[in-house]
Amino acid sequence: MNKKVKLILFLSIILNIVLLSFQLGCGFASSSPEKRIQKKQGKIIAVLSDDKKQLARETFEKLNKIREKKFASFREELKKVKPIIVAPNFDEKVFLAEISNMNDISGNMRNESNAQIAQLLSQLNQTDREKMFNQIEKGLFYPFIIPK
């Protein structure tokens with residue numbers, strides 16, 4: 001091959017790599033955790049009967065607000081833990097005390113979320129509860145295949 005063909009081939013490969021990395025970057029940037037959660041919630045709502053979809057939307061909006069508040073306080077606690085971790089002398093007892101606050105926040109968030117979901121489930125009929133569970137189970141393990 002002469003120099004021109006080698007140069008064109010080389011530039012073509014470089015251009016393809018740049019375009020591929022641009023596509024991957026755009027894909028990851030548009031996939032924020034909030035969007036993924038909303039997408040999963042939308043799939044769960046879609047399987048419900050029409051009269052229960054609005055109820056599920058309202059419940060998920062409440063859950064999202066609870067999570068926002070709890071994550072804000074979780075981040076504040078995390079800021080308190082950083083100086084303990086990066087200190088010249090690590091104090092295990094102080095660290096465990098601060099981490100327990102974070103665990104409490106996390107546990108409270110789970111408890112409040114579970115209460116909201118229980119309230120929603122109590123207002124659904126058996127068919128809707130089964131459809132909702134199947135959708136949650138399907139999305140929970142994606143992309144892994146769980147053997148039966």
Item checked: Among the candidates ILE45, ILE37, residue that is at pLDDT below 80, assigned to a helix (DSSP H, G or I) and of a type in the set (Val, Ile, Thr) -> ILE37
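Residue by residue, here is whether (1) loosely packed, with under 13 Cβ neighbours inside 10 Å; (2) closer than 16 Å to LEU63 by Cα; (3) assigned by TED's automatic domain parsing to the domain that holds GLN41 holds:
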| position | (1), (2), (3) |
| --- | --- |
| GLU98 | no, no, yes |
| SER106 | no, yes, yes |
| ASN114 | yes, yes, yes |
| LEU124 | no, no, yes |
Check: Looking at (1) assigned to a helix (DSSP H, G or I); (2) assigned by TED's automatic domain parsing to the domain that holds GLN135; (3) modelled with pLDDT of 85 or more, can you tell me which one ASP51 breaks?
Finding: (3)
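Conditions tested, residue by residue: (1) under 18 Å from the mean Cα position of the chain (by Cα); (2) not in a helix (DSSP H, G or I).
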{"site": "LYS65", "(1), (2)": "yes, no"}
{"site": "GLU77", "(1), (2)": "no, no"}
{"site": "LYS80", "(1), (2)": "no, no"}
{"site": "PHE95", "(1), (2)": "no, no"}
{"site": "ASN101", "(1), (2)": "no, no"}
{"site": "MET109", "(1), (2)": "yes, no"}
{"site": "ASN114", "(1), (2)": "yes, no"}
{"site": "LEU120", "(1), (2)": "no, no"}
{"site": "LEU124", "(1), (2)": "no, yes"}
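The values are calculated or read from the model by the stated rules, or taken from the named source; none is laboratory data. Because the structure is predicted, anything quoted here is derived from the model rather than measured. In this analysis, Cβ positions are derived from the backbone assuming ideal geometry, glycine residues included, and neighbour counts consider all displayed protein chains.
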